[in-house]
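Q: Shown below is the structure under consideration.
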Amino acid sequence: MNKGWKKLGTLGLMVAWIMVFTMPMAHAYIDPSATTYLIQAIAGIVIAAGSVAVVFWRRAKNRIRDKVGIDLDKNKETEEEVVAVNPEENGK
């Protein structure tokens, strides 16, 4: 890297440092409705991330099951199909 770029980067870092540490203190008021909105936004992000994680987890589990050859339905008992018969129609 050239010396000019190093000096420019150092100068930029110094300017950023001075700007951050010489800012005046802000005496501001945060409205309770803004705080509630922030809490709702964070909760929404957490719930969405959890849903995405569950979907990917199930897909990964199913892919692994398919590759390994595990069949979850092999020991399940099934009933015969039930056919409804109307006795009035049988006599005709």
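Q: I'd like to check something: does the stretch 67-79 contain any residue that is without any contact (Cβ under 8 Å) to a residue 60 or more places away in the chain and part of a helix (DSSP H, G or I)?
A: yes
Q: Filter the stretch 22-41 down to residues that are over 36 Å from the mean Cα position of the chain (by Cα) and at pLDDT below 85 and give me whichever is surrounded by the most Cβ atoms within 10 Å (Cβ to Cβ).
A: MET23
Q: Out of (1) within 33 Å of the chain's Cα centre (by Cα); (2) surrounded by 10 or more Cβ atoms within 10 Å (Cβ to Cβ), the odd one out for LEU72 is which?
A: (2)
Q: Restricting attention to the stretch 1-49, report how many residues are of a type outside the set (S, T, N, Q) and not in a helix (DSSP H, G or I).
A: Residues that pass the stated criteria total 10.
Q: May I pose another question? So is PRO87 more than 36 Å from the chain's Cα centre (by Cα) and modelled with pLDDT under 80 or not?
A: Yes: the conditions hold for PRO87.
The values are calculated or read from the model by the stated rules, or taken from the named source; none is laboratory data. Small disclaimer: the values here were computed from a predicted structure and weren't measured. Cβ sites come from the backbone with ideal geometry, for glycine too, and all protein chains shown count toward neighbours.
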